Ligand SMILES: [Zn+2]
Ligand SMILES: [Zn+2]
Ligand SMILES: [Zn+2]
């Protein structure tokens, strides 16, 4: 989604155009790091729009409900949000710092994996998350190992 189309996107999804909605969606459209709610709030406030924590949650709910944003829930870590919706992309997630990076689906359309047995379900989606260690954390751990080897 392009930042300048944020208001049209809200209207197109049947949502009233409000200052907080425009500000949050703009932040998500500009972000490529899947910000957590606290990061969204920080960036909205930095753009000069005041927003309460509750309002930010409400806006994110409205945006995900209208399929303008996607919430990425990864178990024990806080949810992250993005405005890249409508494609079947996946995420690479760092186990140590939580960095979340987009990766295109290798097979294309959902569901990209077929279960061995579908038990009569009509399968729509397979959620794929690649867990690992990001380059920064790998470098940090190599440095620590080198340091611990020094007598
Ligand atoms: Zn990391
Ligand atoms: Zn993503
Ligand atoms: Zn896939």
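The values are calculated or read from the model by the stated rules, or taken from the named source; none is laboratory data. Source: prediction; values computed, not measured. Positions of Cβ are generated from backbone atoms using ideal geometry, with glycine treated the same way; all protein chains shown enter the neighbour counts.
If a residue has to be farther than 22 Å from residue 14 by Cα, modelled with pLDDT of 95 or more and either not assigned by TED's automatic domain parsing to the domain that holds residue 14 or not in a helix (DSSP H, G or I) (or both) to count, how many in the stretch 52-72 make the cut? Spell out the reasoning first.
Initial filter on the stretch 52-72 (farther than 22 Å from residue 14 by Cα): 52-53, 72.
From what is left, the residues that are modelled with pLDDT of 95 or more are 52-53.
Next, only the ones that are either not assigned by TED's automatic domain parsing to the domain that holds residue 14 or not in a helix (DSSP H, G or I) (or both) stay: 52.
Counting residues in the stretch 52-72 that are farther than 22 Å from residue 14 by Cα, modelled with pLDDT of 95 or more and either not assigned by TED's automatic domain parsing to the domain that holds residue 14 or not in a helix (DSSP H, G or I) (or both) gives 1.
Listed residues 112, 105; which is part of a loop (DSSP other than H, G, I, E, B) and in contact (Cβ under 8 Å) with a residue 24 or more places away in the chain? Outline the logic, then answer.
Working: 105 fails: in contact (Cβ under 8 Å) with a residue 24 or more places away in the chain.
Within the list 112, 105, the selection yields 112.
Within the stretch 23-49, which residues are within 16 Å of ligand 1 (Cβ to nearest atom) and crowded, with 18+ Cβ neighbours inside 10 Å? Spell out the reasoning first.
Quick first cut of the stretch 23-49, residues within 16 Å of ligand 1 (Cβ to nearest atom) only: 32-36, 39.
Result: 34, 35.
In this structure, is residue 87 more than 16 Å from ligand 1 (Cβ to nearest atom) and closer than 30 Å to residue 6 by Cα? Walk me through how you get there before you give the answer.
Numbers: more than 16 Å from ligand 1 (Cβ to nearest atom): yes; closer than 30 Å to residue 6 by Cα: yes.
For residue 87, the condition - more than 16 Å from ligand 1 (Cβ to nearest atom) and closer than 30 Å to residue 6 by Cα - is met.
Taking residue 116 as meeting all but one of (1) surrounded by 10 or more Cβ atoms within 10 Å (Cβ to Cβ); (2) away from ligand 1 (no atom under 16 Å from the Cβ), write down the number of the exception.
Condition (1) is where residue 116 drops out.
Scan the stretch 73-92 for residues that are more than 15 Å from ligand 3 (Cβ to nearest atom), assigned to a strand (DSSP E or B) and surrounded by 13 or more Cβ atoms within 10 Å (Cβ to Cβ) and jot them down. Walk me through it before giving the result.
Narrowing the stretch 73-92 to residues more than 15 Å from ligand 3 (Cβ to nearest atom): 73-83, 85.
Filter once more, so that each one left must be assigned to a strand (DSSP E or B): 73-74, 77-82.
Passing the criteria: 74, 77, 79, 80, 81, 82.
Which is farther than 22 Å from residue 93 by Cα and in contact with a helix residue (DSSP H, G or I) (Cβ under 8 Å, 6 or more places away or on another chain), of 56, 29, 46, 13? First the steps, then the outcome.
Working: 29 fails: farther than 22 Å from residue 93 by Cα; 46 fails: in contact with a helix residue (DSSP H, G or I) (Cβ under 8 Å, 6 or more places away or on another chain); 13 fails: in contact with a helix residue (DSSP H, G or I) (Cβ under 8 Å, 6 or more places away or on another chain).
Going through 56, 29, 46, 13 in turn, the sole match is 56.
Answer yes or no: is there a residue in the stretch 135-142 that is within 16 Å of ligand 3 (Cβ to nearest atom), at pLDDT below 90, surrounded by 10 or more Cβ atoms within 10 Å (Cβ to Cβ) and more than 15 Å from the chain's Cα centre (by Cα).
As a first pass, look at the stretch 135-142 and keep what is within 16 Å of ligand 3 (Cβ to nearest atom): none.
No, that holds for no residue.
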